[in-house]
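Contents: one structure, followed by commentary.
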Amino acid sequence: MVVRTSVLDKIPLLIPQEDHNKVPEFNFSLKEQEWITMIKKCNNMKELKQVHGQILKLGFICSSFCADNLLSTCALSEWGSMDYACSIFGEISDPDGVEPDNFSYPALLKVCARFRALKDGQQIHGQIFKFGHEDDVFVQNSLINMYGKCGEIKESCIVFEQMDQRTIASWSALIAAHANLGLWSDCLKVFGEMNSEGCWRAEESTLNGKQEPDVLSAIISGLALHGRGEEALRIYHEMLKERLEPDDVVYVGILSACSHAGLVEEGLKCFDRMKLEHRIEPTIQHYGCMVDLLGRAGRFKETLELIKGMPMEPNDVLWRSLPSACRVHRNVELGKVAAKNLFQLNSRNANDCVMLCNMYAQAKMWEKMAEIRTIMVNEGISQVPGSCLVEVNRKFYKFVSQDRSHICNDEVYEMLHQIEWQLKFEGYSPDASLVQAKIEHSLSKAGNCICTYKNISRFSYKDSEKCQNV
């Protein structure tokens, strides 16, 4: 279909939305599908109001397609407006307008979710019952998402339990609702229930039957996240063999996979192929993956050359990947450069500060470490304690460092001691250099430099969240 993209320029600026009846007549007409295309091409609220005014003038607001697309644009655009979306919905809910359908409600619920408009969402939920759309799966999924984004997880669960038919999108919406509130154990519980009902396996078989770039891109990203770089590369090479054109998202996944798996040369080849063969201009995400890849390998000269040659300014994510690598490879100078740039970008979260403290402590730069600690205290920056989840008989148990609250506490620590003994028996030697450095600093301040290896190893085990081995 040929779209008249210049039509928008022919529409003069409309004044206020309430004065739509003053819009002048024009000597051109558009088909409904062309109006929808124009809605999607709007870049700001001003343009959307222009198009909306013409739609009202020509009577296309009676079309559910136009109304739904107006609502979707308000929901998905960065410049969207809750009030404007409600006014559009009011027009189609008017007795003389078109009755809202199972596309109108999800579009408006997306707006409510985005702006955390719980009361408006609850009113819409009431209208859904009034017009008989409460059993529509598409609407129910949108309700789960809306309540989850608004922090009402109980309401999300109620809607989910009332569903007669659940799709993979239904389960995903419920998992996302729990994740939005940081209920990670509940996320895993819901995922386990989904898997036990066979929903995931059915969907997985569908994915296996598709060979589309977006599906393969998702698989590559998933493998990268779990450090399975060689498998990700195998799928990437299969894409090339099938003459499927990888896009920029695929290359973010494949470069990340190479980074996590330590496949430096493969990563460099893929980066060059992306630019030279597929004519894809690297974005900040691609450069971030390459900085992480080279940094992990200790190739800091190439890392700096890459950063200096970037066509854009490095962001905090890129600089954040360096301190950890600098600590491992003992390159304090580059770590200081990364720290300076992070602070200039006003990026001072707990993880950044802890990484820098560890780097300075390992290099015995106590004054620098003290400066970071002072910043953390003055700005109220604190690290959330790390935790782990263990599943036993479909129940999840949460543990944190030095946790002794579990009912089976004695058995748990007995098992830990057995594991520690077995590791020593097999010849494992923990890297306690960071802990040793901190102990030496503390003892030197007290005028006592005596420190045995036995004490160091025991301390490093008990204070595992500060040890490089964990």
Original post:
Looking only at the stretch 256-284, which residues are surrounded by fewer than 17 Cβ atoms within 10 Å (Cβ to Cβ) and either touching a Gly at 6+ places or on another chain (Cβ under 6 Å) or part of a helix (DSSP H, G or I) (or both)?
Top reply: Glu265, Lys269, Asp272, Arg273, Lys275, Leu276, Ile284
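The rows are residues; the columns are (1) among the acidic types (Asp, Glu); (2) in contact with a helix residue (DSSP H, G or I) (Cβ under 9 Å, 6 or more places away or on another chain); (3) over 21 Å from Glu265 (Cβ atoms).
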residue: Gly298; (1), (2), (3): no, yes, no
residue: Thr303; (1), (2), (3): no, yes, no
residue: Asp316; (1), (2), (3): yes, yes, yes
residue: Pro323; (1), (2), (3): no, yes, yes
residue: Cys353; (1), (2), (3): no, yes, yes
residue: Leu356; (1), (2), (3): no, yes, yes
**OP:** Would you check which residues across the stretch 374-412 are under 29 Å from the mean Cα position of the chain (by Cα), loosely packed, with under 12 Cβ neighbours inside 10 Å, outside any strand (DSSP E or B) and β-branched (Val, Ile, Thr) and list them?
**Re:** Val377, Val384
Original post:
Across the stretch 109-136, what is the number of residues that are more than 17 Å from Ala173 (Cβ to Cβ) and in a loop (DSSP other than H, G, I, E, B)?
Top reply: 4
Original post:
Residue check: is Val317 within 19 Å of Gly222 (Cβ to Cβ) and surrounded by fewer than 19 Cβ atoms within 10 Å (Cβ to Cβ)?
Top reply: no
Subject >> Pairs where the first residue, in the stretch 386-402, is in contact (Cβ under 8 Å) with a residue 60 or more places away in the chain and among the hydroxyl-bearing types (Ser, Thr, Tyr) and the second is surrounded by 12 or more Cβ atoms within 10 Å (Cβ to Cβ) and not in a strand (DSSP E or B), C-beta under 6 Å, 6+ apart >> reply: Ser401/Glu465
Original post:
Would it be correct to say that Ala107 is within 22 Å of Asn180 (Cα to Cα) and either among the basic types (Lys, Arg) or at pLDDT below 85 (or both)?
Top reply: yes
**OP:** Please verify whether the stretch 340-361 includes one or more residues that are modelled with pLDDT under 75 and of a type outside the set (S, T, N, Q).
**Re:** yes
Original post:
Which condition number in (1) farther than 21 Å from Gln362 by Cβ; (2) assigned to a helix (DSSP H, G or I) is the one that Val328 fails?
Top reply: (1)
Original post:
Hey, among Glu277, Glu313, Glu302, Glu281, which residue is in contact with a Leu (Cβ under 6 Å, 6 or more places away or on another chain) and either among the hydrophobic types (A, V, I, L, M, F, W, C) or farther than 23 Å from Gln362 by Cα (or both)?
Top reply: Glu302
Original post:
Only one of (1) out of contact with any strand residue (DSSP E or B) (no Cβ under 8 Å at 6 or more places or on another chain); (2) surrounded by 12 or more Cβ atoms within 10 Å (Cβ to Cβ); (3) hydrophobic (A, V, I, L, M, F, W, C); (4) under 30 Å from Glu193 (Cα atoms) fails for Ala370. Which number is that?
Top reply: (4)
Original post:
Which members of the stretch 265-318 meet the condition of being within 30 Å of Phe343 (Cβ to Cβ) and among the basic types (Lys, Arg)?
Top reply: Arg296, Arg299, Lys301, Lys308
Subject >> Neighbours by Cβ (under 7 Å, 6+ apart or cross-chain): first from the stretch 207-235, part of a helix (DSSP H, G or I); second modelled with pLDDT of 80 or more and among the aromatic types (Phe, Trp, Tyr) >> reply: Ile220/Tyr236
Original post:
Is there a residue being out of contact with any Lys or Arg (no Cβ under 6 Å at 6 or more places or on another chain), on the phi > 0 side of the Ramachandran plot and not in a helix (DSSP H, G or I) anywhere in the stretch 337-353?
Top reply: yes
**OP:** Tell me which of these Val252 doesn't satisfy, since it passes every other one: (1) part of a loop (DSSP other than H, G, I, E, B); (2) within 22 Å of the chain's Cα centre (by Cα); (3) over 23 Å from Val337 (Cα atoms).
**Re:** (1)
Original post:
Any chance the stretch 428-437 includes a residue that's at pLDDT 75 or above and surrounded by fewer than 10 Cβ atoms within 10 Å (Cβ to Cβ)?
Top reply: no
**OP:** Taking the options Glu155, Glu193, Glu134, name whichever one is surrounded by fewer than 18 Cβ atoms within 10 Å (Cβ to Cβ) and under 30 Å from Tyr84 (Cβ atoms).
**Re:** Glu134
Original post:
Just wondering, is there one or more residues in the stretch 146-169 that are under 17 Å from Glu197 (Cβ atoms), among the β-branched types (Val, Ile, Thr), out of contact with any strand residue (DSSP E or B) (no Cβ under 7 Å at 6 or more places or on another chain) and modelled with pLDDT of 90 or more?
Top reply: no
Original post:
Being of a type in the set (Val, Ile, Thr), in a helix (DSSP H, G or I), crowded, with 17+ Cβ neighbours inside 10 Å and free of Cβ contacts under 8 Å to residues at least 24 places away in the same chain, is that true of even one residue in the stretch 295-303?
Top reply: no
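The values are calculated or read from the model by the stated rules, or taken from the named source; none is laboratory data. Predicted model, so just to flag it, every value in this text is computed and none were measured. Neighbour counts run over all protein chains shown; Cβ positions are idealised from the backbone, glycine included.
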